[in-house]
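Peer 1: For reference, the structure I am asking about is given below.
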Amino acid sequence: MRLALIGLALLLAACGKDPPAVEGDPENGRLLLRQFGCGDCHDIPGVATAKGRAGPPLAGVAGRVYLGGVVPNTPESMAEFIRNPRRLEPRTRMPDLGVTHAHARDMVAYLYTLR
Amino acid sequence: MRLLRHFLLFGFLLTLAGTAVVGLGLYDISATDQHLRPTYRLLRTAMERSVERRAKDIAAPHLDAPAQIERGFVLFREHCVQCHGAPGVAPEPFAMALRPLATPLARSGRERSPQFIYWVVKHGIKMTGMPAWEFRFAEADLWSVVAFVKHLPSLSPSQYGRLTGATFEREEERREPDAKRGKRALEQYACVTCHEIPGIIGPEARLGPTLHGIGGRGTIGGVLENTPENMAAWIRSPRAYSANTAMPAMGVSARDARDMAAFLASQR
């Protein structure tokens, strides 16, 4: 019985596994997403004005397998996609907003909280 | 007299060598090692002469009716492209291991007479992968395939890609799109494997974005303006618009794509 309980606990722990550690400041990322106007095109939970519908909603984006349909989703590739979307998809409508490396890292830190 | 004796001796030795090669199993019949070039050429020439001889007196009908070419395309897509490939389309992996390799039919359409193509389609070719279709296709369908193969060299790869369904299904395209049917089509084409779709249950593995509210979204795949026409085109061949997209072409017909697009457009 005790073994079964331990097993169950382990199982639950495995299900609720933590997101991968992402460098950066998620709270600052949330503000940056707002300042860069990402919400003009994307619906971003937790960013008050972000209700755009030009691009896909970013709810659950941390769990999505591909970004822009073209690149496996990792914190690094997401930062790259934010900074230079056309390098990964030349025909994408997502603009290059001149996001710095540090800013992109913080944005990713926030977006990776959206599971 | 001496010459004759040498000649006979040579013939005897040749027969002996041939018997040994066959009888002892020395000839490598595997499909992983091709014939020697002279053997390959010999067999190819024998095949060509044989077909030419048997095909020359066949009377070919007219082969330029669009309906006939379209019918031929549908048969070609069902039964030929798997081994022969098509402009811009590779054969199936198993067919890459066929020896002899199947000929690209765009070439045959250029070089061979209709009679030649008809004969090969109808009778097949022994000891190759080419089956005889005589008892599989109706007589008119044999000629439809010939009509399409003759038409094939005039198509660019991108024209062929657009042809996949589109031309043949013109009649279908005159129908009003049916959103309810489109929802069933989305279910049947396994779209829910990768997308969350309202009212459809499945793995929802989130390889792609959610399709909840897709009707109100501005872009498709990040690259196309979201209109029902663009959506249908995207569904049928996503890589035409986003070369590196993970989304595969699922072999969706024009009608099914339009119905899917109608359903998706209604999801606000």
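The values are calculated or read from the model by the stated rules, or taken from the named source; none is laboratory data. Predicted model, so just to flag it, every value in this text is computed and none were measured. Cβ: placed from backbone, ideal geometry, glycine included. Neighbour counts: every protein chain shown. Side chains are part of the model used for accessible areas, which takes the heavy atoms of the whole protein and leaves out ligands, DNA and RNA. Shrake-Rupley method; radii C 1.70, N 1.55, O 1.52, S 1.80 Å.
Peer 1: What is the one condition in (1) over 16 Å from B:Ala246 (Cα atoms); (2) open to solvent by 60 Å² or more (accessible area, probe 1.4 Å); (3) at pLDDT below 95 that A:Tyr66 does not satisfy?
Peer 2: Going through (1) over 16 Å from B:Ala246 (Cα atoms); (2) open to solvent by 60 Å² or more (accessible area, probe 1.4 Å); (3) at pLDDT below 95 one by one, A:Tyr66 breaks only (1).
Peer 1: While we're looking at this one, here's another question. Taking segment B:228-259, which residues are in contact with a Pro (Cβ under 9 Å, 6 or more places away or on another chain), under 22 Å from B:Ile200 (Cβ atoms) and not in a loop (DSSP other than H, G, I, E, B)?
Peer 2: B:Pro228, B:Ala232, B:Pro238, B:Arg255, B:Arg258, B:Asp259
Peer 1: How many residues are in a loop (DSSP other than H, G, I, E, B), at the interface with chain A (Cβ under 8 Å from one of its Cβ atoms) and β-branched (Val, Ile, Thr) if we restrict to segment B:207-227?
Peer 2: Looking only at that region, the number is 2.
Peer 1: Enumerate the pairs (first residue in segment A:26-50 and within 13 Å of A:Leu97 (Cα to Cα) and modelled with pLDDT of 95 or more; second residue anywhere and in a helix (DSSP H, G or I) and open to solvent by 10 Å² or more (accessible area, probe 1.4 Å)) with beta-carbon separation below 6 Å, excluding pairs fewer than 6 apart on the same chain, so at least 6 apart or on different chains.
Peer 2: These pairs meet every condition: A:Leu32/A:His103; A:Leu32/A:Asp106.
Peer 1: Restricting the search to segment B:70-93, which residues are within 28 Å of B:Leu36 (Cα to Cα), assigned to a helix (DSSP H, G or I) and open to solvent by 50 Å² or more (accessible area, probe 1.4 Å)?
Peer 2: Once the filter is applied, which keeps residues that are within 28 Å of B:Leu36 (Cα to Cα), assigned to a helix (DSSP H, G or I) and open to solvent by 50 Å² or more (accessible area, probe 1.4 Å), segment B:70-93 yields B:Gln82, B:Pro93.
Peer 1: Additional query: Counting just the residues of segment A:60-80 that are in contact (Cβ under 8 Å) with a residue 40 or more places away in the chain and facing chain B (nearest Cβ under 8 Å), which one comes out farthest from B:Leu211 (Cα to Cα)?
Peer 2: A:Gly63
Peer 1: Does B:Thr245 fit the bill of being among the hydroxyl-bearing types (Ser, Thr, Tyr) and open to solvent by less than 30 Å² (accessible area, probe 1.4 Å)?
Peer 2: Here the answer is yes, as B:Thr245 does meet what is asked.
Peer 1: Another one. For segment B:84-101, name all the residues that are closer than 24 Å to B:Ala140 by Cβ and modelled with pLDDT under 95.
Peer 2: Residue satisfying the conditions is B:Ala86 alone.
Peer 1: While we're on this one: Which ones in segment B:23-39 are aliphatic (A, V, I, L, M) and either under 26 Å from the mean Cα position of the chain (by Cα) or open to solvent by less than 60 Å² (accessible area, probe 1.4 Å) (or both)?
Peer 2: Answer for segment B:23-39, where residues must be aliphatic (A, V, I, L, M) and either under 26 Å from the mean Cα position of the chain (by Cα) or open to solvent by less than 60 Å² (accessible area, probe 1.4 Å) (or both): just B:Ala31.
Peer 1: For residues that are away from chain B (no Cβ under 14 Å), charged (D, E, K, R) and over 11 Å from the mean Cα position of the chain (by Cα), tally how many sit in segment A:81-112.
Peer 2: Residues meeting the conditions: 1.
Peer 1: Only one of these is exposed (fewer than 14 other Cβ atoms within 10 Å of the Cβ), part of a loop (DSSP other than H, G, I, E, B), of a type in the set (Asp, Glu) and at pLDDT below 95: B:Glu171, B:Glu176. Name it.
Peer 2: After applying the criteria, what remains is B:Glu176.
Residue-by-condition table, conditions (1) within 15 Å of B:Val120 (Cα to Cα); (2) touching a Cys at 6+ places or on another chain (Cβ under 7 Å); (3) open to solvent by less than 80 Å² (accessible area, probe 1.4 Å); (4) assigned to a loop (DSSP other than H, G, I, E, B):
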| site | (1), (2), (3), (4) |
| --- | --- |
| B:Gly11 | no, no, yes, no |
| B:Val21 | no, no, yes, no |
| B:Arg41 | no, no, no, no |
| B:Arg49 | yes, no, no, no |
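Peer 1: How many residues does segment B:228-249 contain that are at the interface with chain A (Cβ under 7 Å from one of its Cβ atoms) and either touching a residue at least 60 places away in the same chain (Cβ under 8 Å) or among the small types (Gly, Ala, Ser) (or both)?
Peer 2: Looking only at that region, the number is 2.
The rows are residues; the columns are (1) touching a helix residue (DSSP H, G or I) at 6+ places or on another chain (Cβ under 9 Å); (2) surrounded by 19 or more Cβ atoms within 10 Å (Cβ to Cβ); (3) not in a loop (DSSP other than H, G, I, E, B).
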site: B:Asp64; (1), (2), (3): yes, no, no
site: B:Ala95; (1), (2), (3): yes, no, yes
site: B:Arg99; (1), (2), (3): no, no, no
site: B:Arg107; (1), (2), (3): yes, no, yes
site: B:Phe116; (1), (2), (3): yes, yes, yes
site: B:Val121; (1), (2), (3): yes, yes, yes
site: B:Ser144; (1), (2), (3): yes, yes, yes
site: B:Phe148; (1), (2), (3): yes, yes, yes
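Peer 1: Quick check: is even one residue across segment B:186-198 more than 18 Å from B:Val89 (Cα to Cα) and of a type in the set (Gly, Ala, Ser)?
Peer 2: Yes.
Peer 1: Can I ask one more? Please verify whether B:Val252 is in contact with a Lys or Arg (Cβ under 6 Å, 6 or more places away or on another chain), more than 14 Å from chain A (Cβ to nearest Cβ) and over 20 Å from A:Ala54 (Cα atoms), treating the condition exactly as stated.
Peer 2: In short, yes.
Peer 1: Go through segment B:179-206 and count every residue that is part of a loop (DSSP other than H, G, I, E, B), aliphatic (A, V, I, L, M) and either touching a residue at least 40 places away in the same chain (Cβ under 8 Å) or under 20 Å from A:Arg115 (Cβ atoms) (or both).
Peer 2: 2
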